[in-house]
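In what follows, a single structure is set out as structure tokens and then discussed.
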Amino acid sequence: LELLRGLTDRGALAPDAEGRWRLDESAVDTVLPLEANESVSARLALLPREARELLDAAVVQGSSFDAELVAEQLERPLVRVLQDLADLERRHGLVRSQGRLHAFDCPLLREVVAAELPESLARAHHGALARLLTRRAGSPETATPAQSAEIARHALRGSAPESAGPHVRAALRHLDSR
């Protein structure tokens, strides 16, 4: 409905002389992306704070995410995080369960959540995620190349990018050995 309202407000959708609704296709290209972002942003603004915090923590993992990591990042019980994710899926249609992982329902949703995440908070989430992944993987010598690459990616985006060094070197050693 928000998209239709936006199209009519901007004159891209209007009744013709006979009262039939007509779409001005030349205006759609400029109106729809703006309206879609605004619509998603408005939906997100209506969420309870805890639900929004959950999405903010999840978005740094990518389009799909591990609820266990989100629970650890937020220092919340896993069952509570899973209940909140189920609510976001059933009531709001914002995420969906994909077996052991969850995913944002559409790329635009993930883009808007990421764009609205303050930079300092994004760094804090990336740093926390790098520490959690490091704890799971162990040392750079015992981590798989994929684990090292993921740890390095989050550490570089976190508040302590220098901590990425050992995992960057481990990932590069793996590439050199191929």
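All but one of (1) over 19 Å from ILE151 (Cβ atoms); (2) part of a helix (DSSP H, G or I) hold for SER97; which doesn't?
It fails just one condition, (2).
Please return the ranges of helices (runs of 4 or more DSSP H) entirely within the range 100-171 where 2 or more residues are free of Cβ contacts under 8 Å to residues at least 24 places away in the same chain and crowded, with 21+ Cβ neighbours inside 10 Å.
Counting at least 2 such residues, we get 145-157.
State which residue pairs qualify: first residue small (Gly, Ala, Ser) and at pLDDT below 80 and inside the range 30-42, second residue surrounded by 11 or more Cβ atoms within 10 Å (Cβ to Cβ) and in a helix (DSSP H, G or I) in any location, beta carbons under 7 Å apart, and separation of 6 or more residues or different chains.
ALA36/LEU3; ALA36/LEU108
May I ask you to list the residues in the range 1-27 that are basic (Lys, Arg) and either at pLDDT below 70 or out of contact with any Pro (no Cβ under 8 Å at 6 or more places or on another chain) (or both)?
ARG5, ARG10, ARG20
Are any residues in the range 51-81 more than 17 Å from LEU133 (Cβ to Cβ), open to solvent by 70 Å² or more (accessible area, probe 1.4 Å) and part of a helix (DSSP H, G or I), and if so, which ones?
Hits for the range 51-81 are VAL79, ARG80.
Go through the range 82-99 and give me each residue that's modelled with pLDDT under 95 and surrounded by 14 or more Cβ atoms within 10 Å (Cβ to Cβ).
HIS92, LEU94
The values are calculated or read from the model by the stated rules, or taken from the named source; none is laboratory data. Everything numeric here is computed off the predicted structure, so don't read it as measured data. Please note: Cβ atoms are built from the backbone with ideal geometry, for glycine as well, and neighbour counts cover all protein chains shown. For the accessible areas, the whole protein counts, side chains as well, though only heavy atoms, and no ligand, DNA or RNA atoms are used. Shrake-Rupley method; radii C 1.70, N 1.55, O 1.52, S 1.80 Å.
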